[in-house]
Amino acid sequence: MGTIDPVIEIRNIHKSFGGFVAVDDFSLRVEPGEIVALLGRTGAGKSTVLNLVMGTIGPDQGSIRVAGFDPYAQFRELKGRIAVSFQTDRLLPWRTAVENAELGLLILGVPKAEARTRALAWLERVNLKGAQDKYVHELSGGMRQRVSLARALAVDPAIVFLDESFSQLDHATAGKLRRDFHRIAKEFGKTCLFVTHRIEDAIEIADRAIVLNPGARIVLTEEITPELRADPARVRACHARIAEAMGGEGEADDQESLAPVTAG
Amino acid sequence: MSDNLVATGRPPLRPVPARKASRRGSGQGDAVATLVVVAAMVIAMQIASGHVPDYIMPSPMSVLHATGDILFGDRMHVLVTLARLAAALAFSLVAGVIVGAIMGMVPLVRPFLRAIIVIDTGIPALSWMLIAVFWFKDTETRIFFILTVILLPFYAMNVYEGIRALPKDLVDMVESFRPSRWQMLRYMIMPHIVPYIFITTKSVVGYAIRMAVFAELVASAIGIGSRMSLAQSSFRIDQVFAWTFLLVILNIALQWGVSAIEKLFLKWRPEVAVR
């Protein structure tokens, strides 16, 4: 992996808001096809890191390269290369499920008919076949989050950012969606950076889990392999290490949600 | 021009009963109440017309005859007024949306446009009518000008308020796909302001009819306003009542039409039940 250019490279970034240091000398490399989870308690700086990588805000110091571009200074250059799935579904209420799923494609300039076909295919992949003509208020929370995921993945981005995308869902729905996302991300070789406060999100999806303390200081890095996921004892040990690094936080009280997962 | 016609925030939630049966019941109740009020007015007119001269209060029957005469003989005047109203409303809507969008999206010109609108809304409608008589020779231009300067600010202000009320989380979501300015307008801003355009249209349509008739009364020889003026000068109060009756019907029909189109455009919006 080391010989391949990283898809995301963050070097010694700093970001302050007024007197508050949100990110202090944070560095990270994410390799192609890798899924990295950033965990941490509230205020650890994980969302700030994600906003910096998405180009929503710029760093005070340091450099960020996403797919070879500076996401803040070259904001438009990342069109079609990245996609984001947010904590809440953020669906446009005046569009149906399939119209929401095709939004990114239309913005990319994909012809309407092709965009519709691709959006329908992605809705099917996230198990929403038959719900394409429903408006947002006619969908359940889990279905909305699936549409949101389909919308992000439909543009076929090299990089996907997830911002607490499963945290608003109940454990059963979140678990199902996590497994679907992991399967799709691996099948299509997506590089993914996601922030979460749920330890089970990281264990079920990520190849690497990074725990941050306030100031986005890295306190723990855990490699999560398919073998680890298949072994309940190792999963529990991994969970315990992450929970300890998070200072006892992290929603993982539901041990059933940590059931072994088969990758791919 | 009353300021309360300019909505200052999101379109208000329209209270509707929770169950369909009670909604139907409420509609029937409204219709019955309207019929009762109309019947009471007709009875009052009939009684009053027996005690005062015809030129003060005509009988309901003479008003009905006059209405029939208008419908058979003066339909052209109704159509002319409607055409003037439609042209001015359509232009005000389009131009108002453009001005409102510029106000919402170009901060540099926003204070100047807002100042123009504040000054415009402070000028009485009568002043605009008299100014139009001085400025324009052509009758149609006069009426179009009067209606436009009165209606356009409502659209501009409400569209501007609509853009101000854009949900930041949805804007951030669309921005994450790196859209062009035009794409942001097409996929996010325009659909978001549609409810604001409808609420403005519903708010101003009755007002626009009154202004159109008033403008015709001052500046035109054809149209409902001019016919009402003629009826007044020839002491035909039955015709004044008949025209008034037709204007009320016209207003109700236009409101109903706008609501029907709104339902078509906003079918995505769930009705909220407020208990």
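The values are calculated or read from the model by the stated rules, or taken from the named source; none is laboratory data. What you see is a predicted model; the values in this text were computed from it and never measured. Here the Cβ is made from the backbone with ideal geometry for all residues, glycine too, and neighbour counts use every protein chain on show. In case anyone asks, the SASA skips ligands and DNA or RNA and just uses the protein heavy atoms, side chains included. Shrake-Rupley method; radii C 1.70, N 1.55, O 1.52, S 1.80 Å.
Which one of A:95, A:41 is closer than 28 Å to residue A:168 by Cα, more than 9 Å from chain B (Cβ to nearest Cβ) and open to solvent by 10 Å² or more (accessible area, probe 1.4 Å)? So that I can check it myself, show each step before the final result.
Details: A:95 fails: more than 9 Å from chain B (Cβ to nearest Cβ).
Among A:95, A:41, only A:41 is closer than 28 Å to residue A:168 by Cα, more than 9 Å from chain B (Cβ to nearest Cβ) and open to solvent by 10 Å² or more (accessible area, probe 1.4 Å).
A single member of B:155, B:196 is within 14 Å of another protein chain (Cβ to nearest Cβ), of a type in the set (Phe, Trp, Tyr) and either in contact with a Gly (Cβ under 7 Å, 6 or more places away or on another chain) or more than 25 Å from residue B:79 (Cα to Cα) (or both), and it is B:196. The set of residues from the range A:70-80 being more than 9 Å from chain B (Cβ to nearest Cβ) and of a type outside the set (Gly, Ala, Ser) comprises A:70, A:71, A:72, A:74. Please find, within the range A:52-69, the residue that is farthest from the other protein chains (Cβ to nearest Cβ) out of those that are open to solvent by less than 50 Å² (accessible area, probe 1.4 Å) and under 27 Å from residue A:110 (Cβ atoms). Out of the qualifying residues, it is A:68. Contact map, the range B:165-178: first residue over 16 Å from residue A:87 (Cβ atoms), second residue of a type in the set (Gly, Ala, Ser) and in a loop (DSSP other than H, G, I, E, B), Cβ cut-off under 9 Å, separation 6 or more or different chains; pairs are B:165/B:9; B:177/A:80; B:178/A:55; B:178/A:80. Listed by position, the strands (runs of 3 or more DSSP E) contained in the range A:1-103 that have at least 1 residues being under 30 Å from residue A:204 (Cβ atoms) and without any contact (Cβ under 8 Å) to a residue 40 or more places away in the chain are A:20-30. Only a single item in (1) within 14 Å of another protein chain (Cβ to nearest Cβ); (2) within 26 Å of the chain's Cα centre (by Cα); (3) open to solvent by less than 40 Å² (accessible area, probe 1.4 Å) is not met by residue B:150, and it is number (1). Only residues that are out of contact with any Cys (no Cβ under 6 Å at 6 or more places or on another chain) and open to solvent by less than 20 Å² (accessible area, probe 1.4 Å) were counted across the range A:170-195, and they come to 14.
Would you please name the residue that is nearest to residue B:83 (Cα to Cα), looking only at residues in the range B:248-275 that are assigned to a loop (DSSP other than H, G, I, E, B) and away from chain A (no Cβ under 14 Å)? For the range B:248-275, the residue satisfying everything is B:274. Evaluation of residue B:177 against the conditions (1) closer than 24 Å to residue A:153 by Cβ; (2) open to solvent by less than 40 Å² (accessible area, probe 1.4 Å); (3) assigned to a helix (DSSP H, G or I) shows that the sole unmet condition is (3). Of the candidates B:187, B:155, the single residue that is within 28 Å of the chain's Cα centre (by Cα) and farther than 30 Å from residue B:221 by Cβ is B:187. Once the range A:123-138 is narrowed to residues that are outside any loop (DSSP other than H, G, I, E, B) and open to solvent by 20 Å² or more (accessible area, probe 1.4 Å), the residue that is farthest from the other protein chains (Cβ to nearest Cβ) is A:124.
Out of curiosity, is residue A:153 closer than 26 Å to residue A:44 by Cα, in a helix (DSSP H, G or I) and of a type outside the set (D, E, K, R)?
Values: closer than 26 Å to residue A:44 by Cα: no; in a helix (DSSP H, G or I): yes; of a type outside the set (D, E, K, R): yes.
In short, no.
Scanning the range A:147-169 for residues that are over 20 Å from residue A:120 (Cβ atoms) and surrounded by fewer than 24 Cβ atoms within 10 Å (Cβ to Cβ) gives A:158, A:159, A:163, A:164, A:167, A:168, A:169. Residue pairs whose Cβ atoms lie under 7 Å apart, separated by 6 or more positions or on different chains, with the first residue in the range B:236-247 and closer than 14 Å to residue B:75 by Cβ and part of a helix (DSSP H, G or I) and the second open to solvent by 40 Å² or more (accessible area, probe 1.4 Å) and not aliphatic (A, V, I, L, M), are B:243/B:227.
Residues in the range A:243-264: is at least one open to solvent by 60 Å² or more (accessible area, probe 1.4 Å) and modelled with pLDDT of 85 or more? Yes - at least one qualifying residue is present in the range A:243-264.
Filter the range B:158-174 down to the residues that are away from chain A (no Cβ under 14 Å) and of a type in the set (A, V, I, L, M, F, W, C), then identify the one that is least open to solvent (accessible area, probe 1.4 Å). Break it down stepwise before answering.
Going through the range B:158-174, the residues away from chain A (no Cβ under 14 Å) turn out to be B:158-161, B:163-164.
Next, only the ones that are of a type in the set (A, V, I, L, M, F, W, C) stay: B:159, B:163.
Working: B:159: 1, B:163: 17 Å².
The selected residue is B:159.
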